[in-house]
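Visitor: Structure incoming, see below.
Read the figures in this text as sums done on the coordinates, not as results from a lab. Not measured: the values here are computed from a predicted model. In this analysis, Cβ positions are derived from the backbone assuming ideal geometry, glycine residues included, and neighbour counts consider all displayed protein chains.
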Ligand code: EPZ
C-alpha cells in the first residue's frame, strides 16, 4: 500500500492548478444514463473515483471514451469524457460496486426514470457516519415508484414511468437533491423540490441537465421547479472547479506561512470558507483567473465555526480547518453538524502533537507552538488531506499510510504541492 512522506517546515510558494470538482463530475457522469445521446464532459479530474464510476457506468451500458491530449494542453487541464448510453443493458448496481463508492448509489434515480426499474445495493456504513438513504427513497416514492428493500438491495419499480409531484426534503441533502432532479426531469408533469441543496455542484448538474433539454427553474435556490420531458438529448458541459481542493490548498499555504496562487479557482464557490479564513488572518485576494492566498509573517487567530450546507462552512473542509487551527493562537471551536462521526482525523493529528478535545459534536482545538512529524494513518478522503496539511507544518518527517483515500479525491497532490516547494513524495510498496 502506498504511503506519503513529508518533511515539513517549508513554506509553500507558487501556483497550484485547481482541478474539476469530484463531487460535480460524479453526478454529471451519472446524468449520462438519462439519454441515448452523447454527453461530453470537459475538465473531468483524474481521480480513482472517476475511473471507478466509469467502470460502473460501463456495466449499465454506458460507452465511456476519454479524448486524447490536444496540442497546447497541459497535464493540469482536465480530461474530456464522452459518455453514450444508447441502451441500458443492466439496471442492477451490485453491492461490490456501491460499497466501494457511495455516489454510485445515485444511479438509482436515472435508471428508474429511464427504464422504469432498478435494483441498487444499499451502500452500507461509512467512515464518516451512518449516512442513511431514506430521503432518496421517499423522493422516488413521491414520484410514483414502488420501493422494496430485500437482501440489502433497493428494488424500485415504475413500470408506467414516474409522475411529477411535490418533493419536500426533510433535510438538506446533496445526493437526494441530485436524485430528485434526475428523476423529475424524465417524469410526467411538474415536480417541486422543496428544501433542495444549493451546493455549487448541484447547480452545475442542474445547468447541465438544462443543456440536455430539461426544464428547471429556481437553479441555485432551495426550491426547484421541474417540467418533465419525454426525452433528453446529448450536450457538452465543463465541470466547475473544485471548491474543496481550493479551500484545502488555501489552508496548506496558510499553515506554512507561504503564498500561493490557486489557478482556476472561483471565490464565489466558497464564500463562507473564504470569509472564515480571512478572519483567521489569512490574506485572500480574488482575481478573475484564480485566488491568491498568503500569510506573510502574521500568526493565525482561533475561530468558532459550525459546518453547514452551502453557503455555510462545508463539512468537506472541517478536517483541514482543524489541522490549520492546531497552529493558531488560542482555542478554536469547530462543530460538525452534517455527519456524526467525522472526527477520525483528531486522534491522528494528536500523534503530531495537536491539542484537541472532542466534546460530542465539537472539537476544541488549542493551538500549539509547533507540530512534530510522526507516522499516521488516513481514514477517509478529507481526514487524509488534513494530515498532509499538518505534516507540511510539522518539524521532521511525517509518513501517512492508506493514501488510497487521497487518490479518490485529490489529483496529483504530491506533484501540486511539490511544485510549490513542499518536500513530499509517494513511497510505493
Ligand atoms: C455529498 O454527500 C458529498 N458527496 C459529500 O462529500 C459531502 O460531505 C456531503 O454531500 C455534504 O456536503 C458527493 O457529492 C459525492 P448529504 P451526500 O446527503 O450527498 C443526511 C467528500 O469528502 N441524509 O448532503 O451523501 C446525511 O446523513 C464527500 O467528498 C439523510 O439523513 O451527503 C447527512 O447528515 C463525503 N438521509 C446530511 O443528510 C438521506 O437519505 C447531508 O448529507 C441522505 C442524507
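Visitor: Taking the number of other C-beta atoms within 10 Å as the exposure measure, put 315, 289, 15 in order starting with the fewest.
Guide: Going from least to most buried by this count: 289, 15, 315.
Visitor: Please identify, among 297, 144, 367, the residue showing maximal mean-square fluctuation in a Gaussian network model of the chain using a 10 angstrom Cα cutoff.
Guide: Taking springs between Cα atoms under 10 Å, the residue moving most is 297.
Visitor: Please give the helix 200-211 orientation as an angle from the longest Cα principal axis of the chain, in degrees from 0 to 90, rounded to the nearest 10.
Guide: Computed tilt is about 30 degrees.
Visitor: Tell me, in nm to one decimal, what length is gained between residue 263 and residue 296 on full extension, where the rule is 0.36 nm per residue of separation less the Cα-Cα distance?
Guide: Additional length available on full extension: 9.9 nm.
Visitor: Compute the long axis of helix 174-184 from its Cα atoms, compare it with the longest principal axis of the Cα atoms of the chain, and write down the angle in degrees, 0 to 90, nearest 10.
Guide: Orientation of helix 174-184: about 20 degrees from the principal axis.
Visitor: Do you know the relative contact order of segment 24-238, to the nearest whole percent, from alpha carbon pairs under 8 angstrom that are 6+ apart?
Guide: With pairs under 8 Å counted, the relative contact order is 21 percent.
Visitor: Using alpha carbons only, how many degrees (0 to 90, rounded to 10) separate the axis of helix 48-60 from the longest principal axis of the chain?
Guide: It works out to around 10 degrees.
Visitor: Hey, another quick one. How would 154, 293 line up from fewest to most surrounding beta-carbon atoms within 10 angstrom?
Guide: Listing 154, 293 from fewest to most nearby Cβ atoms yields 154, 293.
Visitor: While we're looking at this one, here's another question. Provide the gained length on full extension for the span residue 122 to residue 425, in nm with one decimal, where the gain is 0.36 nm per separating residue minus the Cα-Cα distance.
Guide: 105.4 nm
Visitor: Under 10 Å, Cα contacts only: if you run a Gaussian network model on the chain, which one of 363, 390, 170 comes out with the highest mean-square fluctuation?
Guide: Among 363, 390, 170, the largest mean-square fluctuation in the Gaussian network model of the chain belongs to 170.
Visitor: When the helices in the chain are scored as -39500 (n - 2.57) per DSSP H run of 4 or longer and the sum is shared across all residues, what 222 nm value do you end up with, to the nearest 500 deg cm²/dmol?
Guide: -8500 deg cm²/dmol
Visitor: Just check segment 210-249 against the gyration tensor rule for me: Cα atoms, a ≥ b ≥ c as the square roots of the eigenvalues, rounded for a/c under 1.5, and otherwise prolate or oblate depending on whether a/b exceeds b/c.
Guide: Oblate shape, in that a/c is at least 1.5 and b/c is the bigger or equal ratio.
Visitor: Next question. Could you give the distance between the Cα centres of segment 354-429 and segment 300-334, to the whole Å?
Guide: 16
Visitor: Now, a different point. Using a Gaussian network for the chain with springs between C-alpha atoms less than 10 Å apart, which of these wobbles most: 119, 70, 22?
Guide: With Cα springs under 10 Å in the chain, the top fluctuation among 119, 70, 22 is at 70.
Visitor: Still on this structure, I have one more. For the chain, take the convex hull of the Cα atoms, compute a quarter of its surface area, and give me that in nm², please.
Guide: If you wrap the Cα atoms of the chain in a convex hull and average its projections, you get 19.1 nm².
Visitor: What is the chain's relative contact order, in percent, from Cα pairs under 8 angstrom and six or more apart in sequence?
Guide: Contact order relative to length: 22 percent.
Visitor: Additional query: Could you tell me the calculated FRET efficiency between residue 149 and residue 188, based on Cβ-Cβ distance and R0 = 25 angstrom, to the nearest 0.05?
Guide: Efficiency, rounded to the nearest 0.05: 0.45.
Visitor: Evaluate the distance, in nm, between pseudo-label points positioned 7 Å from the Cα of residue 368 and of residue 77 along their respective Cα→Cβ axes.
Guide: Roughly 4.5 nm, to one decimal.
Visitor: Between residue 87 and residue 271, what FRET efficiency comes out of the Förster formula 1/(1 + (r/R0)^6) with R0 = 51 Å and r the beta carbon distance, rounded to 0.05?
Guide: The pair residue 271/residue 87 has a calculated efficiency of 0.75.
Visitor: Fully extended, how many nm does the chain gain between residue 285 and residue 335 (0.36 nm per residue separation, minus their Cα-Cα distance)?
Guide: 15.3 nm
Visitor: First measure r as the distance between the Cβ atoms of residue 217 and residue 355, then evaluate 1/(1 + (r/R0)^6) with R0 = 56 Å and state the FRET efficiency to the nearest 0.05.
Guide: The pair residue 217/residue 355 has a calculated efficiency of 0.65.
Visitor: Between rounded, prolate and oblate, where does segment 61-118 land on the alpha carbon gyration tensor, with a ≥ b ≥ c its root eigenvalues, rounded for a/c under 1.5, else prolate if a/b exceeds b/c?
Guide: Cα axes put segment 61-118 in the prolate bin.
Visitor: Rounded to whole Å, give me the distance from the Cα center of segment 193-222 to that of segment 19-72.
Guide: Measuring centre to centre over Cα atoms gives 19 Å.
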